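Q: Before we start, here is the structure in question, set down as structure tokens.
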Amino acid sequence: MEVLREKVEEEEEAEREEAAERAEWARTEKMMRPVEVRKEETTLTQEMLRDLEKKLSEIRIPVSVEVPAFTKDTIDISMLPVSYKTNTPKEEQLLQLADNFSRQYSHLCPDRVPLFLHPLNECEVPKFVSTTLRPTLMPYPELYNWDSCAQFVSDFLTMVPLPDPLKPPLHLYSSSTVLKYQKGNCFDFSTLLCSMLIGSGYDAYCVNGYGSQDLCHMDLTREVCPLTVKPKETIKREEKVLPKKYTIRPPRDLCSRFEQEQEMKRQQEIRAREEKRLKEEEERLMEAEKANPDALHGLRVHSWVLVLSGKREVPENFFIDPFTARSYSTQDEHFLGIESLWNHKNYWINMQDCWNCCKDLIFDLGDPVRWEYMLLGTDKPELFLTEDDSGINNEDDVENLDKEDEDKSFDMPHSWVEQIEISPEAFETRCPNGKKVIQYKRAKLEKWAPYLNHNGLVSRLTTYEDLECTNILEIKEWYRNREDMLELRHINKTTALKTDYFKPGHPRALRVHSYKSMQPEMDRVIEFYETARVDGLIKREETPRTMTEYYRGRSDFLSYRHVDFGPRVKKLTLSSAESNPRPVVKITERFFRNPAKPAEEDVAERVFLVAEERIQLRYHCREDHITASKREFLRRSEVDSEGNKIIVTPDMCITFEVEPMEHTKKLLYQYETLMHLKKEEKLSRRQVWESELEVLEILKLLKEEEEVHTLTISIYDTKRNEKSKEYREAMERMMHEEHLRQVETQLDYLAPFLVQLPPGEKLTRWQAVRLKDECLSDFKQRLINKANLIQARFEKETQELQKKQQWYQENQVTLTPEDEDLYLSYCSQAMFRIRILEQRLNRHKELAPLKYLALEEKLHKDPRLGELLKMFT
Amino acid sequence: MNRLYTSLEPRVIDDGMLKLAVGEQRPQEEAGKLAKQEGILFKDVLSLQLDFRNILRIDNLWQFENLKKLQLNNNIIEKIEGLENLTHLVWLDLSFNNIETIEGLDTLVNLEDLSLFNNCISNIDSLDALIKLQVLSLGNNQIDNMMNIIYLRRFRCLRTLSLSGNPISEVEDYKMFICAYLPDLVYLDFRRIDDHTASVSLSVSQQAPRFLGKGKEVAEAKHHYSIEELKHRENLMQAQMEEEQARREELEKHKTAFVEHLNGSFLFDSMYAEDSEGNKLSSLPGVSELLEAYRDKFVIICVNIFEYGLKHQEKRKTELDTFSECVHEAIQENQEQGKRKIAKFEEKHLMSLSAIREEVEMPNIEKMILECSTDISELFDALMTLEMQLVEQLEETINMFERNIVHLVGLFIKNVQSLMAQCRDLENHHHEKLLEISISTLEKAVKGNLDKDLSEDVRALFVDKNTIVNAVGASHDIHLLKIDNREDELVTRINSWCTRLVDKIRRDEIMRNRKRVKEISLYIDHMKSELDNLEYSDILD
């Protein structure tokens, strides 16, 4: 640490000196940093300055994108709970302790920067950093492991640089606020990530330290995109089989060794030259890629997360950069030093020297020589037994001081931060506005939330040829939730080859489709999930003139079919690929070995030379043989010179048999075989035709899918799934109606009459009777009123109709056809209304007595009146 | 039996009848014409129908080696005979004949379907060889004993059985009985056994004790017990057979190690088995203890030999395995090379052949044909070189193997001999001791104070010194002879095994070589002739 300290001091001094000069041309050139200044520590002359200025102006600085400010003004603090705005006594005590600790520390180590102990929160209240951590286990199973957690934090928040890159921030906001605004600096990032990691059981710590420029600026342009890195092919170690005792000696090598050596030499020379050239090239490239040296190297403050081994089966300590969610080993050269680290229980200061970045640090937090802790008594991780008593007793006074002051049983107060909550919507959207772009070295990665794009696109990786990212090499697009199960589309710009990868479940069982154009009969390769197909097709390759199919797992053991097409015969009428298939010239079919048949009867390959009218058969080779039987059938002449139909002649079949057999020489056998083959040929041609049709259909289907690109919605996704939403709403409506009906049934008939009586008194019999009578008479009145109402309406309608009719008869002559129509329609409507009213009236007349009786019955049964009435009757 | 003899005379199957039948049953239309032109050999016939021909005697069928299906129904056959050669027969129909006993089917191991419907059979037997039997039709016969059903239990594949029209089918619980005893049966009397019946009979047979005393169930219960008993007996037999098999295998293993019967006192016992004097002498006082100690030591040595033998057997086996594995690999590799060469050649050859066909200029054709023939001879050379190379390599390897195995065997023999020598030492030692005791006993006998409890024939030995020495000597000789014999047997057997093994390997290699050379030359000949034909036809054109 000492050395670093000195270095820091030197640099700070230099910084101060330059500050004056900087102010001059800072107006003209914003964000310019004195690159060379560090080397020239002598005072600068005017000339040199000018020189420098010129040099600097040549350096291109990437214009930083306008970063959205994340200051206190934008935060609404009115809604925050009390714990945010005040400190509890315990917290006050802790702050005092911390102040005391800080004082002693600065007294003992005057050359080190002040500690980052209690920054202000969003309500301008000082809060101790450990209490800002709020260990939380997220309800999402995806966030249980550190890598997905880190990925989430890095996706979810937008990075805001530190106000002063050389100092820790003055404010440290609560994670809940940070999550709400989806913005934060590195401290906010690591606090949130650390809370989540501790919550899910990791031994994680927030680190306040120094990082490289790339790290602090979340600059990945010099990093290779992890997605483009091809997984290293595990080099299969050729198991050197020990030569067995009786392994035969290889035949004697009769080549000249001298010649071989000469040849080797020549080869080596060529290789060396090649290598040299490559090396040079590489160096040149490296040169180009190498970053400008950073003036503030080692001074930039950064915060990240340290995960110690031990818990959650973490095998060794590692760092997580919360900006990029990448894990680094503790030896990584991006991390230049550690000031302090803390978790939710304690705070440790690094007492080790960081001259060699973090490479020599030992993360044994129980060792008080290396790590100075603030609170005693909280669980001390892994204390080395070797240096216990003696080591501690001979300790320098720092520790003793601490011990005296601290209340030994003081433990960290509970976090003041509200529980960290992420809503499912926010969790799914992830990135702010659901979109994020990351620029890597020669690659650009774009991410979208699912369902944000209509075609289901969730991420796109563009790979470039050059560092400036102008020439696109290839594009990879990942899709999700597509109905056609498209998962990944790979477009190679140099060859214009497109490759689509499908998940299982495509209606045509497609797996991979690589093509250059969607036109039929062009170069394309379609792979299938063969278990989903009845015919066991694995792959179909097409070129303009051929088609090759590969099969597996068929009952006829077919493994391969290759078709050569001839040029299409021109037809004037219809010339689509469907109605006019290309003529088949040759069909080659290969078969796997059928273990049920002897090898000399099991066909391995058969070739139908359709144009030449020949059929060639090649049989499987027997296990102890090197030659296989062959048979060739010519079926050129069906008719002999005399016009007789020739069935089969001996010269129509050329046979080679490994072991000549008796029965195969017979014409009968040959004839039967030939007949069988003819049938097979027809079948094969038909299958070829079907295959062609299938390709056409697939292409059509793909085109349709591309246009429609519907997305599937899980039935558990209640928000998006319209159907389930409707269903749910219907259910709710039904529930509501049901509820209403229930309320209705409970309607109290007697309520309006009971109100008139003095409340709380028991009814007398007389009262009960009167109540009943009143109720009944009221109801009767209601029924009568209703009947009257209907009657009145009925009469009114009738009158109106009569009036209209009258009017019509009077003016019948003068009426226009439209008016007449109008009148007629009115008439029919009025008639309809009258009829309905009539019906209602009738029904009412029928039902009224019944209703009356029903009410009477009900009243009889009413518990309030029942007994009294019973007595009465 | 139940048919009247018609006016037609009984006939014997003869050549004429067979020719006629084959001719009638040949394929139709064009194929038939072809068949007529060429004639059909009896051994190519797969199915033959000889029904309604009044055949009395089956004969002359030996030529139909490959016959799969034979129909001899509706004749007057009285005896099943003359079918011994038709081992490929799968389907045999002998229904509606006058057969009285089942016989002459012992060689038809592939038979799956046998019909003996409407005959005069009274007993099911002589079917043991038909392990693949699936369908058995025995309706309308004279079978009257239920025990015949139990005989059918041995046919594991039997699924269809017909027995209707037999006296047995009149029995009340005939169906139940069959279902219970033949649980794998699917069709009985051309009807599917419904699961209900099966389950009833099964459940009855399993749970019958619960329903005791209920008329019909009693019978089933009886079945249950008898079935259980039967099963038990069968299981016992099976277990016994397995045990026997295991024991035999064990012995076989020991025999291949040439140390059988050495893992116990077998040799010792055999030494005393024919040794009457020794047995007599063992009753002498002190001898039994001596004998016991001797026996123990002897057995220990025998067991040593036995274990050593097994160990060496293991060694020889691994040696042989490695050797055959290596040879196999070498041959495979060589074959692969050959195949590759041929494939390459064929590709080229096909191209040039089609080129020749296309070509019109005569001189060009000749040139190309010449090229082709040189190609062929080149291929021949290449293949033969490959083969010769392999032969040399294998020769070397075989020699090495022979050396090693002979060495191993020699070592084994040496060690066994030294162990046997220990046996002999023991025997000598024992002999001396025995002699001592005998002489002291003789002295006692001379003095007259021989133990009273010695039997007469033992006493008879102690007449004079010669007798007793001779007796002891004879016993000793017998013992030594036994040991020598055992040793000789072991040595000869292992030596002969070794020679035979090496001979076989060499012979196999020679056979392989011959076969390969033949194959190559056949192939080359074919190629050449094909080229010649081409030439010929081209010239004709």
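The numbers here are math on the coordinates, done by the rules we state, and not lab data. Bear in mind the structure is a predicted one, so any value in this text is a computation, not a measurement. Cβ atoms come from the backbone with ideal geometry, glycine included; neighbour counts cover every protein chain shown.
Q: How many angstrom separate the Cα center of segment B:458-481 from the Cα center of segment A:324-381?
A: Using only Cα atoms, the two centres lie 99 Å from each other.
Q: Please sort by residue number the GluC sites (Glu not before Pro) in segment B:83-188 whose DSSP state is loop and whose Cβ has at most 13 other Cβ atoms within 10 Å. Working shown, then result.
A: Values: sites: B:84, B:100, B:103, B:112, B:170, B:172; in loops: B:84, B:100, B:103, B:112, B:172.
Here the GluC sites (Glu not before Pro) that fit, given the DSSP loop and packing criteria, are B:84, B:103, B:172.
Q: Apply the Karplus curve 6.51 cos²θ - 1.76 cosθ + 1.60, θ = phi - 60°, to the phi angles in segment B:96-109 and return the couplings in whole Hz, x for Gly and Pro.
A: 6, 10, 10, 7, 10, 10, 7, 7, x, 10, 5, 9, 8, 6
Q: How large is the helix-only mean residue ellipticity at 222 nm for chain B, computed as the sum of -39500 (n - 2.57) over DSSP H runs with n ≥ 4, divided by its residue count, in deg cm²/dmol to the nearest 500? Let's see the in-between values first.
A: Details: 12 runs with 341 residues, N = 541.
Counting only the DSSP helices, I get -22500 deg cm²/dmol.
Q: Please report, largest first and rounded to whole Å, the three semi-axes of the ellipsoid equivalent to segment A:322-380, where each semi-axis is the square root of five times an eigenvalue of the C-alpha gyration tensor. It would help to have the intermediate numbers written out before the result.
A: Values: eigenvalues 96, 44, 15 Å².
Computed over segment A:322-380, the values are 22, 15, 9 Å.
Q: Would you kindly derive the ³J(HN,Hα) couplings of segment B:76-88 from the backbone phi angles with the Karplus curve 6.51 cos²θ - 1.76 cosθ + 1.60 (θ = phi - 60°), listing them in order in whole Hz, with x for Gly and Pro?
A: Here the 3J(HN,Hα) series is 10, 5, 10, 9, 7, 7, x, 10, 4, 7, 8, 6, 8 Hz.
Q: Still on this structure, I have one more. Past the 20 angstrom mark, what percentage of all C-alpha to C-alpha distances in segment B:227-301 do you count?
A: Numbers: 1560 of 2775 pairs.
Beyond 20 Å sits 56 percent of the P(r) for segment B:227-301.
Q: A further question follows. Assuming R0 = 30 Å, what is the FRET efficiency of residue A:852 and residue A:736, from their Cβ-Cβ distance, to the nearest 0.05? Could the numbers behind the result be given before it?
A: On the way: r = 32 Å, r/R0 = 1.06.
With a Förster radius of 30 Å, E is 0.40.
Q: Can you tell me what percent of all Cα-Cα pairs in segment B:438-506 are more than 18 Å apart?
A: When every Cα pair of segment B:438-506 is considered, 59 percent fall beyond 18 Å.
Q: Under the rule of at least 5 residues apart or a separate chain, name every residue whose amide H is placed under 5 Å from the amide H of residue A:511.
A: Those lying under 5 Å, H to H, from residue A:511 are A:527, A:528, A:529.
Q: As a footprinting exposure proxy, order A:564, A:164 by other Cβ within 10 Å, with the fewest listed first.
A: On the way: A:564 18, A:164 10.
Result, fewest neighbours first: A:164, A:564.
Q: Roughly how many nanometres apart are two label points built 7 Å out from the Cα toward the Cβ at residue B:456 and residue A:828?
A: 14.6 nm
Q: Could you check the simple spin-label distance between residue B:422 and residue A:774, using points 7 Å along Cα→Cβ, in nm with one decimal?
A: According to this spin-label approximation, the distance is 12.8 nm.
Q: Oh, and also: How big is segment A:522-563 by the Kirkwood estimate over distinct Cα pairs, in Å? Each step should come with its number before you reach the end.
A: On the way: mean 1/r = 0.0956 Å⁻¹.
Value: 10.5 Å, from the Cα pair sum.
Q: Using a 7 Å offset from the Cα along the Cα-to-Cβ direction at both residue B:358 and residue B:489, what is the distance between the two label points in nm, to one decimal?
A: Once both label points are built, they end up 7.8 nm from each other.
Q: Right, something else. Please state, as a whole number in µm²/s, the translational diffusion coefficient that the Stokes-Einstein equation yields for segment A:445-508 at 37 °C and 0.692 mPa s, with Rh defined as the Kirkwood radius across alpha carbon pairs. Could the numbers behind the result be given before it?
A: Working: Rh = 12.6 Å.
After rounding, the answer is 260 µm²/s.
Q: For residue B:55, what residues show an amide H to amide H distance below 5 Å, using hydrogens built from the backbone and excluding near sequence neighbours?
A: Result for residue B:55 returns B:11, B:76.
Q: Hey, another quick one. Using θ = phi - 60° and the Karplus form 6.51 cos²θ - 1.76 cosθ + 1.60, what ³J(HN,Hα) does each residue of segment A:610-621 get, whole Hz, x for Gly and Pro?
A: Ordered by residue, 3J(HN,Hα) equals 5, 5, 8, 6, 10, 10, 10, 10, 10, 9, 5, 8 Hz.
Q: Going by average Cβ neighbours within 10 Å, how do the peptides A:780-791, A:510-521 rank, with the highest at the top?
A: Numbers: A:780-791: 13.3, A:510-521: 16.6.
In descending order of packing, they fall as A:510-521, A:780-791.
Q: Something else about it: What do you get for Rg/Rh over segment B:286-393 if you use C-alpha atoms and the Kirkwood form of Rh?
A: Numbers: Rg = 32.0 Å, Rh = 19.8 Å.
Rounded to two decimals, Rg/Rh equals 1.62.
Q: Here is a further query. Average the reciprocal distances over every distinct pair of alpha-carbons in segment A:279-342, invert the result, and give the Kirkwood radius in Å. Can you show the working numbers first?
A: Working: mean 1/r = 0.0694 Å⁻¹.
Averaging 1/r across every pair of different Cα atoms and inverting gives 14.4 Å.
Q: Moving to a separate point now. Between residue A:789 and residue A:860, take the C-beta separation as r, use R0 = 35 Å, and let me know the FRET efficiency to the nearest 0.05.
A: On the way: r = 29 Å, r/R0 = 0.82.
Between residue A:789 and residue A:860 the formula returns 0.75.
Q: Please list, short to long, the whole-number percent of alpha-carbon pairs of segment B:419-540 in consecutive 5 angstrom bins beginning at zero.
A: In order of increasing distance, the bins hold 2, 8, 10, 10, 7, 7, 6, 5, 4, 4, 4, 4, 4, 4, 3, 3, 3, 3, 2, 2, 2, 1, 1, 0, 0 percent.
Q: Please list, in chain and number order, the residues 5+ apart from residue A:586 or on another chain whose amide H is under 5 Å from its amide H, with Hs placed from the backbone.
A: Here the answer is A:564, A:610, since their amide H atoms fall under 5 Å of that of residue A:586.
Q: Would you mind giving the mean number of other chain beta-carbons within 10 Å of the Cβ of each residue in A:626-633, as a whole number? Intermediate results must be reported in sequence, preceding the final value.
A: Details: counts 17, 12, 5, 0, 4, 0, 1, 0.
Partner Cβ neighbours, averaged per residue: 5.
Q: Report Rg (one decimal) and Dmax (nearest whole number) for segment A:656-709, counting Cα atoms only, units Å.
A: Values for segment A:656-709 (Cα only, Rg and Dmax): 21.3, 65 Å.
Q: Another question, then. Please list the equivalent ellipsoid semi-axes of segment B:329-452, computed as the square roots of five times the alpha-carbon gyration tensor eigenvalues, in descending order and whole angstrom. Numbers along the way, then the final one.
A: Numbers: eigenvalues 1455, 24, 19 Å².
After scaling each eigenvalue by five and taking roots: 85, 11, 10 Å.
Q: Let me ask something else. When the expected Rg is taken as 2.2 N^0.38 Å, what fraction or multiple of it is the alpha-carbon Rg of segment A:710-831? Intermediate results must be reported in sequence, preceding the final value.
A: Numbers: Rg = 28.3 Å, N = 122, 2.2 N^0.38 = 13.7 Å.
Here the Cα radius of gyration is 2.07 times the empirical estimate.
Q: I've got another one for you. Could you work out the pair-distance distribution P(r) of chain B from its alpha-carbon pairs, with 10 angstrom bin width and percents rounded to whole numbers?
A: Result returned by the calculation: 3, 11, 11, 11, 13, 16, 16, 11, 5, 2, 1, 0, 0.
Q: Using Stokes-Einstein with the Kirkwood hydrodynamic radius over Cα pairs, what translational diffusion coefficient do you get for segment B:432-475 at 4 °C and a viscosity of 1.567 mPa s, in µm²/s rounded to a whole number? Show your work: numbers first, answer last.
A: Details: Rh = 10.4 Å.
Rounded, D is 125 µm²/s.
Q: Let me ask something else. Could you work out how far the C-alpha centroid of segment A:757-822 sits from that of segment A:492-565, in angstrom?
A: Answer, in whole Å: 79.
Q: What is the spread of the Cα atoms of segment A:108-168 along each of their three principal axes, largest first, in whole Å?
A: Largest first, segment A:108-168 extends 46, 27, 23 Å along its Cα principal axes.
Q: For residue B:314 and residue B:513, what is the calculated FRET efficiency with R₀ set at 41 Å and r taken between the beta-carbons, to the nearest 0.05? Could the numbers behind the result be given before it?
A: Working: r = 32 Å, r/R0 = 0.77.
After rounding to 0.05, the efficiency reads 0.85.
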